[in-house]
Amino acid sequence: MTRAAEDGLVLPSVEDPVVRAASTAIGGPAGRRMLSERRWLTPVRVLLLLAVVTALLAVAGKQHCRAEGWTSSNMYFHACYSDVPALYSGRGMDQGIFPYLDEALPEGVQQVEYPVLTGLLMWLEAKLVPDGVADRATTYFDINLLFAVGFLFATVALTAWTAGRRRPWDAAMVALCPAAALAMTVNWDMLAVALLAGGMWAWARDRPALAGVLIGLGTSAKLYPALLLLPILLLAVRTGRWRPALLAGGTAAFVWLDVNVPFMIANWDGWFRFFKFSQERQEGFSSIWYALQLAGYPVPGLNAVASGLTVLLFAAIAWLALAAPRRPRLAQLTFLVVAAFVLTNKVYSPQFLLWLVPLAALARPRWRDYLVWQAGELVHFVGIWLYLGAYVDADRGLGDKAYIWTIVAHLAGTLWLVAVVVRDILKPADDPVRADGIDDDPGGGTFDKAPDVFALGPAPADAEARPPALTAPR
């Protein structure tokens with residue numbers, strides 16, 4: 001396998017069949033001479049330039065609504081819907097209302113239904129809207145767009161650093177993510193995405209306390225970053241390296257409480273609105289449960305069924321983590337845990353795909369599988385807006401049966417990626433990161449190159465479990 005002679009970089013244009021084929025349009029795979037030169041265009045700088053393309057696509061994708069207004073016919077049939085301008089007035093941001101604390105809200109205004117840091121970001125962006133602008137909602141959207149692009153750049157860089165010295169180009173899957181370009185301005189999820197990417201990076205650099213801080217902050221923006229603690233716990237069981245795992249978990253809990261307790265004390269009902277809303281909501285658009293309902297098979301006792309299925313999948317992942325012939329990589333387990341949560345959730349909002357983007361790049365850095373998943377998400381992204389458009393104009397919108405198939409496309413794409421990650425865990429020779437026997441778990445931090453102290457299955461021979469190449473210092 002060809003690599004840069006001096007820096008040992010793994011090059012997608014050489015090792016990835018899809019990128020190698022695509023590179024023929026610009027002269028073929030990277031050559032030895034180019035690779036060995038010291039250039040100011042480092043991989044991370046190039047990746048950030050590529051992310052500019054995604055940012056420009058994000059602007060283009062919403063331009064029709066920005067120019068023509070955030071009306072139903074525009075938003076749905078041009079697939080440029082965003083929660084941002086709608087909630088600017090719907091949650092009182094245009095009136096300067098501070099989230100969570102006000103008990104008596106004006107008529108037509110509801111309490112923010114997101115975790116605390118997301119609500120604070122919404123409020124901060126509203127404070128930045130200048131006085132006197134004609135279209136304050138669109139200006140608010142534009143400010144959010146700038147924040148989202150900043151979070152995208154941070155996620156790209158952090159993913160590249162987490163991938164390790166030899167594999168920074170894996171983060172190109174984040175920098176050039178077509179579905180992310182469409183979804184990154186639908187809501188405020190990029191804040192949590194960047195914080196989880198930061199937590200992954202801090203853990204990879206053996207800084208568990210900092211990882212805990214970022215996980216705690218991420219969980220204060222969206223709950224899903226807390227799921228990183230489960231793979232960390234499972235790998236701590238397998239390796240016996242408990243101290244960093246407990247430090248990260250304890251720090252995350254402390255930071256989450258530090259952010260949330262003041263709001264709990266000030267107005268419990270306002271703070272608890274997110275949790276109450278999550279508990280009470282029924283089958284939401286694009287979830288597997290909504291598809292079953294449309295198909296005529298509603299699920300009774302949905303909260304218990306959905307929660308039970310989530311726990312069952314988490315248990316299966318735990319078994320896989322402890323019984324696999326070789327310790328799984330942290331990114332692989334984190335991807336599986338978040339994917340299980342996404343697939344079994346009562347609702348699947350279009351922006352939820354952002355949660356998996358950096359994890360997919362680290363768990364399965366192969367463009368073929370990544371693009372299969374992205375294709376399913378793009379089909380669904382268009383489908384959900386056309387389906388909602390049917391409420392405005394049934395002749396132009398998407399019917400129930402066609403919409404179900406777009407949900408199936410999303411589920412199939414995600415399950416495809418889940419399947420290949422599970423296969424890589426069971427057969428490490430197929431894992432692109434481990435296939436050459438040089439790397440073990442570049443993002444694993446303390447777990448990288450760690451021997452097993454506990455496993456459910458029969459212990460593999462030492463030579464198979466830890467090839468000699470993996471015992472060399474990093």
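The values are calculated or read from the model by the stated rules, or taken from the named source; none is laboratory data. Just so you know, these numbers come straight off a predicted model, no measurement behind them. Please note: Cβ atoms are built from the backbone with ideal geometry, for glycine as well, and neighbour counts cover all protein chains shown. Note: accessible area is taken over every heavy atom of the protein model, side chains too, but ligands, DNA and RNA are not part of it. Shrake-Rupley method; radii C 1.70, N 1.55, O 1.52, S 1.80 Å.
Numbers at a glance
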| quantity | calculated |
| --- | --- |
| Net charge of Cβ neighbours under 12 Å - reference Leu87; Lys, Arg +1; Asp, Glu -1 | -3 |
| Positive-end residue, the chain charge dipole about Cα centroid, Cβ charges, pick of Thr414, Phe277, Gly301 | Thr414 |
| Per the chain, cysteines lacking a partner by the 4.7 Å Cβ criterion | Cys177 |
| Whole-angstrom gap from segment 287-352 to segment 82-97, using each part's C-alpha centre | 32 |
| Cα pair count fraction exceeding 20 Å, expressed as % - segment 196-262 | 18 |
| Surrounding net charge for Ala126, when Lys and Arg each add one and Asp and Glu each subtract one, Cβ distance under 15 Å | -4 |
| Alpha carbon Rg of the chain, scaled by the compact-globule rule 2.2 N^0.38 Å | 0.99 |
| Packing-based ranking, highest mean first, of 142-151, 126-135, 169-178 given that Cβ atoms within 10 Å are counted | 169-178, 142-151, 126-135 |
| Equivalent ellipsoid semi-axes - Cα gyration tensor, segment 36-189, angstrom | 34, 18, 13 |
| Residues of segment 194-221 with amide N under 19 Å of a point placed 7 Å along Cα→Cβ from Asp258 | 195-203, 207-221 |
| Stokes-Einstein D in µm²/s, Kirkwood radius over Cα pairs - segment 297-405 at 10 °C with 1.306 mPa s viscosity | 99 |
| Peptides 405-413, 293-301, 426-434, 327-335 ordered by average Cβ neighbours within 10 Å, highest first | 327-335, 405-413, 426-434, 293-301 |
| Accessible area of Ser349 in the full protein assembly, 1.4 Å probe (Å², nearest 10) | 30 |
| Rh by Kirkwood over Cα pairs, then Stokes-Einstein D for segment 304-356 at 0.692 mPa s and 37 °C, µm²/s | 276 |
| Shape category assigned to segment 106-167 from the gyration tensor of Cα positions, a/c cut at 1.5 | oblate |
| Rounded, prolate or oblate (a/c below 1.5 giving rounded, otherwise prolate when a/b exceeds b/c) for segment 250-307 by Cα gyration tensor | prolate |
| Rounded to the nearest 10 Å², the accessible area of Glu125 at probe 1.4 Å | 0 |
| FRET efficiency, 1/(1 + (r/R0)^6) with R0 22 Å, evaluated for Phe277 and Ser307 via beta carbons | 0.90 |
| For the chain, accessible area per residue (1.4 Å probe, heavy atoms of protein chains only), Å² | 42 |
| Phe98-His64 pseudo-label distance in nm [points 7 Å out on the Cα-to-Cβ vector] | 4.1 |
| For segment 400-418 and segment 149-188, distance of Cα centres in Å | 24 |
| Gained length - Leu223 relative to Trp405, 0.36 nm times residue gap less alpha-carbon distance | 62.7 nm |
| Shape call, segment 196-308: gyration tensor on alpha carbons, a/c limit 1.5 | oblate |
| Burial ranking of peptide ranges 262-270, 82-90 (average Cβ count within 10 Å, highest at the top) | 82-90, 262-270 |
| Residue-level accessible surface for Tyr81, protein heavy atoms, 1.4 Å, Å² | 40 |
| Net charge dipole size for the chain [Lys, Arg +1 and Asp, Glu -1 on Cβ; Debye, nearest 20] | 1480 |
| Subset of Lys346/Lys401; Lys276/Lys346; Lys127/Lys276; Lys427/Lys449; Lys222/Lys449 violating a 22 Å alpha-carbon distance limit | Lys127/Lys276; Lys222/Lys449 |
| Accessible area of the chain belonging to carbon and sulfur atoms, whole % at 1.4 Å probe | 65 |
| HN-Hα J in Hz across segment 168-185 - Karplus 6.51, -1.76, 1.60, θ = phi - 60°, x for Gly and Pro | x, 5, 4, 6, 4, 5, 7, 5, 10, 8, x, 5, 5, 4, 7, 9, 5, 10 |
| Volume of the Cα convex hull of segment 230-274, divided per residue and given in Å³ | 66 |
| Compactness of segment 139-264, expressed as Rg and Dmax over alpha-carbon positions, Å | 15.4, 52 |
| Net charge of Cβ neighbours under 12 Å - reference Leu214; Lys, Arg +1; Asp, Glu -1 | +2 |
| Gain on full stretching of the segment that runs from Gln293 to Ile438 - 0.36 nm per residue minus C-alpha separation | 47.3 nm |
| Selection from Pro130, Pro365, Gly218, by position along the positive dipole direction of the chain (Cβ) | Pro365 |
| Spin-label pair Ile265/Leu105, simplified geometry with 7 Å Cα→Cβ offset, distance in nm | 2.4 |
